[in-house]
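Asker: What follows is a structure written as structure tokens; I'll ask about it next.
The values are calculated or read from the model by the stated rules, or taken from the named source; none is laboratory data. None of the values given here were measured: they were computed from a predicted structure. Backbone-built Cβ (ideal geometry, glycine too); neighbour counts: all protein chains shown. Just the protein is used for accessible areas: all its heavy atoms, side chains included, with ligands, DNA and RNA removed. Shrake-Rupley method; radii C 1.70, N 1.55, O 1.52, S 1.80 Å.
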Amino acid sequence: MRKFLVVLDDSRECLNAMRYAALRAAHTGAGVTILSIIPPEEFQHWMGVADLMRAEARERIEAHFEVFAKWMRDKQGVNPELVIREGDAVTEILAQMREDPETGVLVLGAGTDKAGPGPLVTAMSRNSGSLPTPITIVPGDMSKETLEKIT
């Protein structure tokens, strides 16, 4: 089965990427993998309590995931899977795409501020010629209605 890979983070644009992935999966019979990445610098200054901080970060991610997963299950009939990785975001996204042969599309949300689409979209776009899967970039300010029309 083909899967849409979408990154769960604290950005506003993440919401539209989630919506797009769920709607496309529902319309095409695909799955959704939600990837959340814990950055390594989150633990560097607190080595003595790193395990506790890591556990707390995982709990936050799982709670955030459940909000999206419930919506996907209840409204779209899609049961997403959660993958949590630790490390550099770009490195971990690339590793996830390579390790899961069912990943068919990477879905990212683009930021709407004047600084550009965001560091993740910028970095992944630079690598787009050598990626194992295509990228879909969803505008962060696209309306829910427009997303429903295009999926």
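Asker: Given the Cα-Cα distance of ALA26 and ALA123 and 0.36 nm per residue of separation, how much length would full extension add, in nm? Can you show the working numbers first?
Answerer: Numbers: separation 97, 0.36 × 97 = 34.92 nm, distance 2.83 nm.
In short, 32.1 nm is gained.
Asker: Still on this structure, please answer the following. Let me have the relative contact order for the chain, percent, based on Cα pairs under 8 Å that are six or more residues apart. Don't skip to the answer; put the middle values down first.
Answerer: Values: 230 pairs, mean separation 52.0, N = 151.
Computed value for the chain: 34 percent relative contact order.
Asker: Another one. Take the chain, connect every pair of alpha-carbon atoms lying under 10 Å apart with a spring to form a Gaussian network, then pick out the residue of VAL107, VAL49, VAL32 with the largest mean-square fluctuation.
Answerer: Residue with maximal mean-square fluctuation among VAL107, VAL49, VAL32: VAL49.
Asker: Would you mind getting the accessible area per residue of the chain, heavy atoms of the protein chains only, 1.4 Å probe, in Å²? The partial results should precede the final answer.
Answerer: Details: 8200 Å² over 151 residues.
So the chain comes to 54 Å² accessible per residue, rounded to a whole number.
Asker: In whole percent, how big is the carbon plus sulfur part of the accessible area of the stretch 82-151, probe 1.4 Å, protein atoms only?
Answerer: After summing per-atom areas, the C and S share lands at 51 percent.
Asker: Report the one residue of LEU108, ALA26, LEU120 whose Cα lies farthest in the direction of the positive end of the charge dipole of the chain (charges on C-beta: Lys and Arg +1, Asp and Glu -1; origin at the Cα centre).
Answerer: Going by the charge dipole, the pick is ALA26.
Asker: Relative contact order, percent, of the stretch 21-110 when contacts are C-alpha pairs under 8 Å separated by at least 6 residues?
Answerer: Dividing the mean separation by the residue count of the stretch 21-110 yields 41 percent.
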